[in-house]
Amino acid sequence: MGKIKNKLAFYPALLAGKGLMVYYKKQGKERSDHAGMGAMRICPDFLKYVKKPPLTVIASGTNGKTTVTGMVAKLLTLQGMSVTYNDWGANHHAGHARCLLGAVNIFNRSTKDAAVVEMDELVSPINLPAIKPQYAIITNIGRDSMLGNAHPNYIREKMEKAAELSPDTFYIVNADNPLCVDIGKNNRRVFYGVADLKTNPRPSLTDDFPVCSICGTKPVYKYRNYRLIGDYECPCCGFKRPHCDYFVEKVNYENHTITVREPKGIFIYPANSLFVHNIYNYVSVIAMFREMGMESDVLANYLKDVYPPQSRETTQKIGDITLKSVLCKGQNVSAASTVFEAVAREDGEKCLVLLLDEYFRDPKKSETIAWIFDTDYEYLNDPKIKQIIVGGQRYLDHRVRLLMAGIPAEKMTFVQDYHEVVKYVPTSGVDTVYVLHDVNFVTRGQQIRDEIKQKLIDAGRNEE
């Protein structure tokens, strides 16, 4: 009886959702999940009954979901396909419903060629079987928000369950992440990985793979590219990285290309961002499109125009200073630590602007600040980092943590009003200015980046 009731509720939910989409668009809030929320409240099984496009792709994992879905959506669009995609990272129930509302008409007939869905790991056992995607890209699993995703092994179990309930989905899995390799073990799947990039990652405060998940023995790494990701093996039971179907053998940092060994040969592809985590994002997307049947030369030509979403990373050259904005997720230990280490390893002398502030005036939404003590602020204690400027309501918490990391006080400036950080950004003496902003600071981070850009131009540096 409950199933019949839900099915009868579907068309009212569809009409209500469509109406809300029109309403919020007129309000200038087209990038809102409220239409999806309304549809789900009327019909909790909305995702099950809504018509899916001929091609549906999801990406899930601790980090990289938004970047990967953005790249997939761009590649599909370049092929002339019409795509529904929530580019603002709406990855829970309401966001998924909102995404699929945009792919049908009021008669529940498909109006798009493809849907690209970013999926939070926690909801994957419910939403992935309901959506039934043809392809699922698994980026990685690591330490995340204490409020949201808890322990990595808990997330791994959720994602494994989602695959069990979606036997027809083709999985593209990160072989270099030991917590990922059992996801989709009964599905059709391929693995991707990356050769030793000689990053020599520094010791981390947290270890998400301290013991083998099978026998409890301490694993051994032939190499690590960052955090727990690399070529691992258990000396006791033999658990090890599986064979990689798509493997980045070489990275050319001068030409911005990656060389990928595939089942059909070795091919070179452009990659517009060569941060180590983005190399993994690129090869995951390459693996999926090659499995879809796209020729390597065609894919390489498309990839010339594919970049990580601007909400994640931008680069501008202003005179002899490079201005970069990079997403650095607060409360996400693995993401923040990875960005800190990547930025510290970049060549040249740097100024960092940190906008890692999730402070809300509503006490019910205020975050725990404990995550900063698991995050590797020690990576920022580097002689090439000449100045660190911190802005936002949590500036004093970050001050304590940076001092604990051993960073000299004279290198740092702290202001409560994030707009004031621009006053302290130097116009000479550094090669790169980084704006590291939180998810909730995407718009503000872009504003600060633009204000810094104008300051550099006013100082006589012309944009290239």
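The values are calculated or read from the model by the stated rules, or taken from the named source; none is laboratory data. What you see is a predicted model, and the numbers here were worked out from it, not measured in a lab. Backbone-built Cβ (ideal geometry, glycine too); neighbour counts: all protein chains shown. Accessible surface areas use protein heavy atoms only, side chains included; no ligands, DNA or RNA. Shrake-Rupley method; radii C 1.70, N 1.55, O 1.52, S 1.80 Å.
Assorted remarks:
- Checking TYR24 against (1) of a type in the set (Phe, Trp, Tyr); (2) more than 30 Å from LEU303 (Cα to Cα); (3) in contact (Cβ under 8 Å) with a residue 40 or more places away in the chain, the condition it does not meet: (3)
- For region 209-240, a tally of residues being over 23 Å from ALA287 (Cα atoms) and either modelled with pLDDT under 90 or open to solvent by 20 Å² or more (accessible area, probe 1.4 Å) (or both) returns 17.
- When residues in region 364-386 are screened for being open to solvent by 40 Å² or more (accessible area, probe 1.4 Å) and touching a strand residue (DSSP E or B) at 6+ places or on another chain (Cβ under 9 Å), 2 of them pass.
- Here ALA114 fulfils each of the conditions (1) closer than 20 Å to THR66 by Cβ; (2) modelled with pLDDT of 95 or more; (3) out of contact with any Leu (no Cβ under 6 Å at 6 or more places or on another chain); (4) open to solvent by less than 20 Å² (accessible area, probe 1.4 Å) apart from (3).
Conditions (1) aromatic (Phe, Trp, Tyr); (2) more than 26 Å from the chain's Cα centre (by Cα); (3) within 15 Å of ALA94 (Cα to Cα); (4) open to solvent by 70 Å² or more (accessible area, probe 1.4 Å), marked per residue:
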{"residue": "LEU15", "(1), (2), (3), (4)": "no, yes, no, yes"}
{"residue": "LYS18", "(1), (2), (3), (4)": "no, yes, yes, no"}
{"residue": "VAL22", "(1), (2), (3), (4)": "no, yes, no, yes"}
{"residue": "LYS25", "(1), (2), (3), (4)": "no, yes, no, yes"}
{"residue": "ARG31", "(1), (2), (3), (4)": "no, no, yes, yes"}
{"residue": "GLY36", "(1), (2), (3), (4)": "no, no, yes, no"}
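- Residue check for SER204: crowded, with 20+ Cβ neighbours inside 10 Å and polar (S, T, N, Q): yes
- Some residue of region 152-165 being of a type in the set (Gly, Ala, Ser) and open to solvent by 10 Å² or more (accessible area, probe 1.4 Å): no
- Residues located in region 103-143, provided they are more than 23 Å from the chain's Cα centre (by Cα), in a loop (DSSP other than H, G, I, E, B) and not aliphatic (A, V, I, L, M): ASN105, PHE107, ASN108, ARG109, THR111, LYS112, ASP113
- When ASN91, ASN63 are checked against the criterion of being open to solvent by 10 Å² or more (accessible area, probe 1.4 Å), touching a Gly at 6+ places or on another chain (Cβ under 8 Å) and either within 19 Å of ASP168 (Cα to Cα) or polar (S, T, N, Q) (or both), a single residue qualifies: ASN63.
- Subset of region 433-442 that is open to solvent by 10 Å² or more (accessible area, probe 1.4 Å) and touching a strand residue (DSSP E or B) at 6+ places or on another chain (Cβ under 9 Å) - its residue that is nearest to LEU356 (Cα to Cα): VAL439
- If only residues of region 407-432 that are in a helix (DSSP H, G or I) and in contact with a strand residue (DSSP E or B) (Cβ under 9 Å, 6 or more places away or on another chain) are counted, the one that is least open to solvent (accessible area, probe 1.4 Å) is VAL421.
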